[in-house]
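Engineer: Have a look at the structure that comes next, please.
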């Protein structure tokens, strides 16, 4: 199985359909492989969107004959438990609490929690608990997750 070729196919098909390819994961035993493809969009991702993408990706994988054995293909959104990887993922989380690990100019790391006020392709703006605002450039972000709130 050629992971790089699978990634290229997923990126191309999701991009052509107007979605953002986030990542993919292969798990399971040799004869029972599961390929999980994670896709996102500013407008969200419906079950129908996932089905269309799944059919398109599966058809291309068959044409390219990349996987020699049976497999299951799952296409879904990354879910809130997966880290945000791309600037395009942030705007739809405006108003939510983010937990970030960032690298300062001196190379030290620190953790920051704040409410996402705005995001563009270069930076994001957080409202902190003390009511101050913090602007963070994307290259300084090591990890970012949406904090799940049940209130």
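Engineer: Taking only the range 113-126 into account, find how many residues are exposed (fewer than 12 other Cβ atoms within 10 Å of the Cβ) and touching a strand residue (DSSP E or B) at 6+ places or on another chain (Cβ under 7 Å).
Structural biologist: Matching residues across the range 113-126 total 1.
Engineer: Condition first: in contact (Cβ under 8 Å) with a residue 24 or more places away in the chain and either assigned to a loop (DSSP other than H, G, I, E, B) or more than 25 Å from residue 140 (Cα to Cα) (or both). Now tell me which residues in the range 80-96 satisfy that.
Structural biologist: 80, 81, 82, 83, 84, 85, 86, 90, 94, 96, listed by residue number.
Engineer: Quick check, is residue 53 in contact with a strand residue (DSSP E or B) (Cβ under 7 Å, 6 or more places away or on another chain), modelled with pLDDT of 95 or more and assigned by TED's automatic domain parsing to the domain that holds residue 8? Can you show your working first?
Structural biologist: Details: in contact with a strand residue (DSSP E or B) (Cβ under 7 Å, 6 or more places away or on another chain): yes; modelled with pLDDT of 95 or more: yes; assigned by TED's automatic domain parsing to the domain that holds residue 8: yes.
Yes: the conditions hold for residue 53.
Engineer: Follow-up question, since we're still on this one. When you go through 129, 101, 110 one by one, which is the residue that is loosely packed, with under 13 Cβ neighbours inside 10 Å, in contact (Cβ under 8 Å) with a residue 12 or more places away in the chain, in contact with a strand residue (DSSP E or B) (Cβ under 9 Å, 6 or more places away or on another chain) and over 28 Å from residue 18 (Cβ atoms)?
Structural biologist: Values: 101 fails: loosely packed, with under 13 Cβ neighbours inside 10 Å; 110 fails: in contact (Cβ under 8 Å) with a residue 12 or more places away in the chain.
Result: 129 is the single residue among 129, 101, 110 that is loosely packed, with under 13 Cβ neighbours inside 10 Å, in contact (Cβ under 8 Å) with a residue 12 or more places away in the chain, in contact with a strand residue (DSSP E or B) (Cβ under 9 Å, 6 or more places away or on another chain) and over 28 Å from residue 18 (Cβ atoms).
Engineer: Can you pull out every residue in the range 62-93 that is modelled with pLDDT under 90 and in contact with a helix residue (DSSP H, G or I) (Cβ under 7 Å, 6 or more places away or on another chain)?
Structural biologist: 64, 66, 67, 69, 70
Engineer: For the structure I just gave you, tell me whether residue 38 is in contact (Cβ under 8 Å) with a residue 24 or more places away in the chain, within 25 Å of residue 142 (Cα to Cα), exposed (fewer than 14 other Cβ atoms within 10 Å of the Cβ) and touching a strand residue (DSSP E or B) at 6+ places or on another chain (Cβ under 7 Å).
Structural biologist: No: the conditions fail for residue 38.
Here is a yes/no grid of residues against (1) touching a helix residue (DSSP H, G or I) at 6+ places or on another chain (Cβ under 7 Å); (2) surrounded by 15 or more Cβ atoms within 10 Å (Cβ to Cβ); (3) not in a helix (DSSP H, G or I):
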| position | (1), (2), (3) |
| --- | --- |
| 4 | no, no, no |
| 7 | no, no, no |
| 10 | yes, yes, no |
| 22 | no, yes, yes |
| 25 | no, no, yes |
| 34 | no, no, yes |
| 42 | yes, no, yes |
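The values are calculated or read from the model by the stated rules, or taken from the named source; none is laboratory data. Because the structure is a prediction, the values reported are computed rather than measured. Cβ: placed from backbone, ideal geometry, glycine included. Neighbour counts: every protein chain shown.
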